[in-house]
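One structure is given here, and the rest of the page talks about it.
The values are calculated or read from the model by the stated rules, or taken from the named source; none is laboratory data. This is a predicted model, so every value here is computed, not measured. Here Cβ is always computed from backbone atoms with ideal geometry, including for glycine, and neighbour counts include all displayed protein chains. Note: areas computed on protein heavy atoms with side chains; ligands, DNA, RNA excluded. Shrake-Rupley method; radii C 1.70, N 1.55, O 1.52, S 1.80 Å.
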Amino acid sequence: MSRRAEIVLSDDEISELLDAQRTLICATIGRDGWPHLMPLWYVVREGECWSWTYAKSQKVRNLERDPRCSIQVETGEQYTELRGVMFKAECELVRDVDAVADVGAEIAARYGGGALTDEVRAAMRKQAAKRVGLHFVVRDTASWDHRKLRGGY
């Protein structure tokens, strides 16, 4: 009998996981049909992950051809500690420079641990001209927390 329902994360648990972790893996579909996996730093806005990357990157080229992607955030060393969430998503590519700069500033604040100063905003604005924002619009979710199995399989 499947114990799948026992290990599903609640919405609050997913939020806590996304807040605690620092890297998501983004899988896009390459032109040869093979998955293309890349790590990204991210921020969460209204329950959805956002990131940015260089406009000429392979992942952007893949998303321009096909916006479908999967993103995953996970943690744990031992099987009994594994937990994570995988989202099937469509990626909206955001090209407005001001919007891209805002995403960059949020990422800089989250990962740099500092305030969003005018200096930080100016630096992100400068980088934004070469980047695109990635808004992962969730279509389906799968999650797991093996700690809920309490060592039993």
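Within segment 127-153, being modelled with pLDDT of 85 or more, basic (Lys, Arg) and either closer than 23 Å to Leu63 by Cβ or exposed (fewer than 11 other Cβ atoms within 10 Å of the Cβ) (or both) holds for Lys130, Arg131, Arg139. Considering every residue within segment 58-72, establish whether at least one is among the hydroxyl-bearing types (Ser, Thr, Tyr) and under 23 Å from Lys130 (Cβ atoms). Scanning segment 58-72 turns up no residue that is among the hydroxyl-bearing types (Ser, Thr, Tyr) and under 23 Å from Lys130 (Cβ atoms). Considering only residues that are in contact with a helix residue (DSSP H, G or I) (Cβ under 8 Å, 6 or more places away or on another chain) and buried (at least 20 other Cβ atoms within 10 Å of the Cβ), look in segment 54-82 and name the one that is farthest from Ala5 (Cα to Cα). Filtering segment 54-82 for residues that are in contact with a helix residue (DSSP H, G or I) (Cβ under 8 Å, 6 or more places away or on another chain) and buried (at least 20 other Cβ atoms within 10 Å of the Cβ), the one farthest from Ala5 (Cα to Cα) comes out as Cys69.
So that you can scan it fast, the table gives a plain yes or no per residue for (1) of a type outside the set (A, V, I, L, M); (2) assigned to a strand (DSSP E or B):
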{"position": "Lys59", "(1), (2)": "yes, no"}
{"position": "Asn62", "(1), (2)": "yes, no"}
{"position": "Glu74", "(1), (2)": "yes, yes"}
{"position": "Thr80", "(1), (2)": "yes, no"}
{"position": "Gly84", "(1), (2)": "yes, yes"}
{"position": "Asp102", "(1), (2)": "yes, no"}
{"position": "Ala109", "(1), (2)": "no, no"}
{"position": "Gly114", "(1), (2)": "yes, no"}
{"position": "Ala122", "(1), (2)": "no, no"}
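What residue, of Tyr79, Tyr54, is at pLDDT below 95 and of a type in the set (Phe, Trp, Tyr)? The unique qualifying residue is Tyr79. Residues in segment 34-53 that are in contact (Cβ under 8 Å) with a residue 24 or more places away in the chain, out of contact with any strand residue (DSSP E or B) (no Cβ under 6 Å at 6 or more places or on another chain) and either of a type in the set (Phe, Trp, Tyr) or open to solvent by 80 Å² or more (accessible area, probe 1.4 Å) (or both): Trp41 only.
Checked against (1) open to solvent by 60 Å² or more (accessible area, probe 1.4 Å); (2) of a type outside the set (Val, Ile, Thr); (3) in contact with a strand residue (DSSP E or B) (Cβ under 9 Å, 6 or more places away or on another chain); (4) part of a helix (DSSP H, G or I), Asp98 passes all but condition (3).
Take the conditions (1) in contact with a strand residue (DSSP E or B) (Cβ under 9 Å, 6 or more places away or on another chain); (2) free of Cβ contacts under 8 Å to residues at least 40 places away in the same chain; Thr117 misses just one of them, which is (1). Here Ala105 fulfils each of the conditions (1) open to solvent by less than 90 Å² (accessible area, probe 1.4 Å); (2) modelled with pLDDT of 95 or more apart from (2).
For (1) under 12 Å from the mean Cα position of the chain (by Cα); (2) not hydrophobic (A, V, I, L, M, F, W, C), each residue gets a yes or a no:
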{"site": "Leu17", "(1), (2)": "yes, no"}
{"site": "Met38", "(1), (2)": "yes, no"}
{"site": "Gly47", "(1), (2)": "yes, yes"}
{"site": "Leu63", "(1), (2)": "no, no"}
{"site": "Ile71", "(1), (2)": "yes, no"}
{"site": "Thr75", "(1), (2)": "no, yes"}
{"site": "Val100", "(1), (2)": "no, no"}
